[in-house]
Amino acid sequence: MKKLIILVCAISCIQSICLGSPLDDSLITELNTAIQHASQYDAEKMSKINTLKKLAAENSSAELSVRYNIDVQLYEEYKYFNFDSSLKYTSNLQRFAVQKDDAFLITDAKLKYAFILLSAGMFKETFDALNSIEARNLREPGKAELYSLMARYYFNLSEYTNDFMHSPAYNATANSYLDSALAHYPAGSFDHDYYEALKFLKKGEADNAQRKLSALIARQDLSYHERALATSTMGGIFIGQGQEEKAKPFLIEASIADIKSSTKETLALQFLAGIIYKEGLLEDALLYIEKANVDATFYNARLRKVQIGAVLPLIEGDMIRTIRSQKKALQAYLISLSVVVLLLAGLAVVIFMQVKKLQLTRKRLSEANLKQQQANEQLSEANALKEAYNNQLREMNDELVKVNQVKEKYNEQLKAINRQLLESNKIKEEYIGYYFKMDTEFMARMEKLIAQMDKKLLERKWDEMKYLLKSVDMKKEKEELLRNFDKVFIRLFPDFVTQFNAMFHQEDQTVLKEGQLLNPELRIFALIRLGITENEKIAEILDYSINTIYAKKTKIRSKAIVSKDEFERRIIENTNMNL
């Protein structure tokens, strides 16, 4: 198994060399190296934190202002690193501020608390925290931070809601707060230029946003986190424009900066995994999505974990299927290669023997020329040797004919393998596209239902909540899923039903009802045509018992005009795909 995984890695590397640009390759190498050393960067982060914790312990009896400042430093170290720990220190800050009875410190602590809640995707709690803050109790840097945080909150809410009714209003509110933030940030500062670029982006002026972000990225005075923020946003712009190849280097750079700064609340690596996955580089895609999942879990970013949870199983499933497919292909290639090697070895032995015999014949002819008195006897002997040689040549020709026949058979096998690979790619392409679409639609319906449930919950409309719950018809969802499966399958195999019925007498042929593409029995053999042959897997997909699947298959095969083995073979070989 380890050798097989190494082979997959090697193939992935070859694909990268053939398909990727030198710049992408160097960035990918740098990113993979950064992931390998992620624990070292985290250890450096923890070293700073432990030093501050030791300082806090030493000053446990000091002035409140001293303890407050130490906890502010701990909060700054934790706010992109771990939600639970940063939440603990914002609670400490609020307690110290209340004990000191300082309105400015109380408001500053509330602002930091709201920032942490928003980073974790807790919208309701963030809204309550922000509404409790009075801007007049904030000093100048705090006002800019408050307004930018309000803008982030409404932008995130708009993206989460994603509808035509609420999202425009949320975006308008966010832009208003963004204007207020820009009025308080110093001109030329990173925050001022970044939020100005964000404003251009939200207004639909992507060119101006890219120009502003390009100037930011070119600066040499940015921290890792600031560089990650600028490059990640630039990558997001290209993704929104459908230019994922241009987004890729920016997302890689953002991911590297996030890892080096031990930032766990991030999106860049997750988006990059999606792009790499579409390129077919499953090894790297799996590495990145698992790293993103580990970071989201460590930070306890709820929304990020949900987003990653929708992508991770797809990549892992494709990885397993790729390994299995390559294992089968490798076995076939090794068998074919072994046959060819054996044939070539046999041919070499025959040629060697013929050469030796030819050398012997020449020697005897030479002796015959030297012995004129024995010319007649040696001539007869030479003729006999010649005949033997001709017989051997004929045997060689027969062997060559056999080799050519084997070669023709091998070529036919290669053609069959190529067609199977083409069918497999077509099936994968159709069904991956189909399941991505179904997953997106399902998530959209679930998000809409959750939003409605939240609203009813807040309004305490229990009866309407029950109605909403009853409106989810899982049986109908399952039927819709099967109908969509039928559509995709018939698009791939338009003549499947006709070719299937050709194996039965007319009275035993399957007659579909009006509007039907497949019936339950045909779906069983449609899954077999796709390569799913285990009764347990078919039963799981079609929501039947294993006994039911077995009974239906047996009943159908018993009516066929061909044998069981011939029936299974025709299902696979005689049902042509629409390539």
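With 20 Å as the limit on Cα-Cα distance, the pairs of Lys88/Lys455; Lys212/Lys246; Lys110/Lys448 that go past it are Lys88/Lys455; Lys110/Lys448. For a quick check: sort Ser61, Ser338, Ser86 by the number of other beta carbons within 10 angstrom, fewest at the front. With the sparsest Cβ surroundings first, the list reads Ser61, Ser338, Ser86.
Ellipsoid fit via the Cα gyration tensor, region 488-573: semi-axes of 18, 16, 13 Å, each the root of five times an eigenvalue, largest first. Each residue of region 293-299 was assigned a 3J(HN,Hα) from its phi angle through the Karplus expression (A = 6.51, B = -1.76, C = 1.60, θ = phi - 60°), giving 5, 4, 5, 5, 5, 4, 6 Hz with x at Gly and Pro. Using every pair of separate Cα atoms, the Kirkwood estimate puts the hydrodynamic radius of region 193-266 at 12.2 angstrom.
Of the trypsin sites (Lys or Arg not before Pro) in region 470-579, the ones in a loop by DSSP (not H, G, I, E or B) with at most 14 other beta carbons within 10 Å are Lys513, Lys559.
Dividing the mean sequence gap of close Cα pairs (under 8 Å, 6+ apart) by how many residues region 77-186 holds gives a relative contact order of 21 percent. Contact order for region 505-579, expressed relative to its length and based on alpha carbon pairs under 8 Å spaced 6+ residues apart, stands at 32 percent. Packing order of peptides 448-459, 261-272, highest average first: 261-272, 448-459 (average count of other Cβ atoms within 10 Å over each peptide's residues).
Couplings 3J(HN,Hα) for region 145-160, derived from phi with the Karplus relation 6.51 cos²θ - 1.76 cosθ + 1.60 (θ = phi - 60°), are 5, 4, 5, 5, 5, 4, 5, 4, 4, 6, 5, 5, 5, 5, 5, 5 Hz, where x marks Gly and Pro. By the count of neighbouring beta-carbon atoms within 10 Å, fewest first, Thr510, Thr126 end up ordered Thr510, Thr126.
Taken one residue at a time, the phi angles of region 258-270 give Karplus couplings (6.51, -1.76, 1.60, θ = phi - 60°) of 4, 5, 5, 9, 6, 7, 9, 9, 8, 10, 4, 5, 5 Hz. Gly and Pro are set to x. Amide H contacts of Phe504 (H built 1.01 Å from N, in plane; Pro and chain starts excluded): Ile561 sit under 5 Å, all sequence-distant by 5 or more or on other chains. Computed from Cα atoms alone, the Kirkwood hydrodynamic radius reported for region 20-81 is 14.0 Å.
Read the figures in this text as sums done on the coordinates, not as results from a lab. All values reported here derive from a predicted model rather than from experimental measurement. Here the Cβ is made from the backbone with ideal geometry for all residues, glycine too, and neighbour counts use every protein chain on show.
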